[in-house]
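Enquirer: Quick one: this structure, given as structure tokens, is what I'll be asking you about.
The values are calculated or read from the model by the stated rules, or taken from the named source; none is laboratory data. What you see is a predicted model; the values in this text were computed from it and never measured. Note: ideal-geometry Cβ built from the backbone for every residue, glycine included; neighbour counts use all protein chains shown. Areas reflect the complete protein model, heavy atoms only, side chains present, ligands, DNA and RNA absent. Shrake-Rupley method; radii C 1.70, N 1.55, O 1.52, S 1.80 Å.
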Amino acid sequence: MLRLLTCSAVVAALVGGCADVPLDGAAGQPGAPGTAASQTPSRTPSKTPSATPSATPEPSATLTPGVKPPSAAPVTRSFPAKLKNGKPPLFVVISFDGAGDLTLWSQWRSLAKQVDARMTFFLSGPYLYPQERRTDYKPPYKKPGASDIGWGDTDKVLRRAVVLRQAIAEGHEIGTHANGHFCGKDGIARWTGAQWAGELNAFDLMVRTGPALAAGKALAPPFDPGTVMGMRTPCLEGNRPAYRAVMKQRGMLYDASEPGYIAWPKKEDGLWNFPLQSVQLAGTHKNTLTMDYNLWYAQTEAHEAPAAHAPALKAQVLATYRMALARSRNGGNPPLFLGNHFNRWNNSVYSDALTSFVKETCTQADVRCVSNVELVSWLTKYGVPGR
């Protein structure tokens, strides 16, 4: 059970869980990701279109064999302990689960450049691994090759590998979202520490070997998976002490999986706990988490609304984000953690609302839009304010 489920606000916020978007070209795989049956009714998210660039990038030019791959968690900026107003910077931490769709990769990277933001992308291993080799993956309690988000095809695996390398060069962070995205009573909640160790080792293998297998020739991986510093578990589930012990053994620094509140983070089980936060849905008495799927569930129970409703739904999500930002400012500037998926759910309400919020917020004088690992760096240097 999640530790914070004793608090009624987080209980209400958790209803809805979270989900990832299945990959295109995943023949023989389920059409929709699993979510906890106790939390989420059956639903089929709209399919995410894939990018169709006019020219295929030549991965050998970027993923040169024999060249050491970059760190998954670059920290290229530093921030002061306090601003001129005497307060710490108001860190807005934007992260994405899955990180597969190529068009959305381009959109979010372009937006980040506009406002000097850095973001964290929690990558799912199968997005870098060819479908014809899927049985290399042997998840606990499942058949070899099982995955609730499908697998990659050759062209898209190679494109993603190049994009990951480019994103890292721009200062973005790559974390792990594990692999098969197994949620609910038959999913990751019952995994032991040893099984989590196997899952993360499988992620490493997919990153190290997937692009080369897809290309049929030697290629360097897009990044060194041994330098991944954080994880968000599928559907925010899992035995936290068990998987965090494995993360700590691997030298990882933070977990972004546990629901929580707008407050300065603290360490749990030896890792920084960076939660998705309980907030009030604007104009209602409902509590939800700062994750797009949870907002979708709070608004329409994860059903697609008519397109004519999209402007009002987007305005409500944007107002929710603004209220959360104001709450942080009124409480001493604790970080605001916002989670999203590469999706166009509910007529793209949640991606559009986040885009608008990033544009209006990340350039404000007291705000710094950072990756999770940049926040870790700041906390390591200056400590938690007030402690």
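Enquirer: Considering the stretch 366-386 alone, what residues qualify as being in a loop (DSSP other than H, G, I, E, B) and in contact (Cβ under 8 Å) with a residue 40 or more places away in the chain?
Expert: Asp366, Ser371, Val384, Pro385, Gly386
Enquirer: Continuing with this model, one more query. For Val67, are the conditions met, namely being part of a strand (DSSP E or B), on the phi < 0 side of the Ramachandran plot and either exposed (fewer than 14 other Cβ atoms within 10 Å of the Cβ) or at pLDDT 95 or above (or both)?
Expert: Here the answer is no, as Val67 does not meet what is asked.
Enquirer: Determine if the stretch 170-191 includes at least one residue that is touching a Lys or Arg at 6+ places or on another chain (Cβ under 7 Å) and assigned to a helix (DSSP H, G or I).
Expert: Within the stretch 170-191, none of the residues are touching a Lys or Arg at 6+ places or on another chain (Cβ under 7 Å) and assigned to a helix (DSSP H, G or I).
Enquirer: Tell me which residues, restricted to the stretch 83-105, are of a type in the set (Gly, Ala, Ser) and under 16 Å from the mean Cα position of the chain (by Cα).
Expert: Correct list: Ser95, Gly98, Ala99, Gly100.
Enquirer: Search the stretch 184-202 for residues that are in contact (Cβ under 8 Å) with a residue 60 or more places away in the chain and pair each with any residue that is open to solvent by less than 20 Å² (accessible area, probe 1.4 Å) and outside any loop (DSSP other than H, G, I, E, B) when their beta-carbon atoms are under 7 Å apart and the residues are at least 6 apart or on different chains.
Expert: Listed pairs, sorted by first residue: Ala202/Gly125.
Enquirer: So for the stretch 192-199 (the condition being hydroxyl-bearing (Ser, Thr, Tyr), more than 17 Å from the chain's Cα centre (by Cα), part of a loop (DSSP other than H, G, I, E, B) and surrounded by fewer than 23 Cβ atoms within 10 Å (Cβ to Cβ)), does at least one residue qualify?
Expert: Yes, the conditions are met somewhere in the stretch 192-199.
Enquirer: Considering only the stretch 349-364, I want to know if a residue exists there that is more than 18 Å from Gln316 (Cα to Cα) and out of contact with any helix residue (DSSP H, G or I) (no Cβ under 7 Å at 6 or more places or on another chain).
Expert: yes
Enquirer: Within the set of pairs 6 or more residues apart or between chains, which connect a residue that is closer than 12 Å to Ile168 by Cβ and touching a residue at least 12 places away in the same chain (Cβ under 8 Å) inside the stretch 68-90 to a residue that is open to solvent by 30 Å² or more (accessible area, probe 1.4 Å) and part of a loop (DSSP other than H, G, I, E, B) with Cβ atoms less than 8 Å apart?
Expert: Pairs that qualify, where the first residue is closer than 12 Å to Ile168 by Cβ and touching a residue at least 12 places away in the same chain (Cβ under 8 Å) and the partner is open to solvent by 30 Å² or more (accessible area, probe 1.4 Å) and part of a loop (DSSP other than H, G, I, E, B), are Ala72/Met229; Ala73/Met229.
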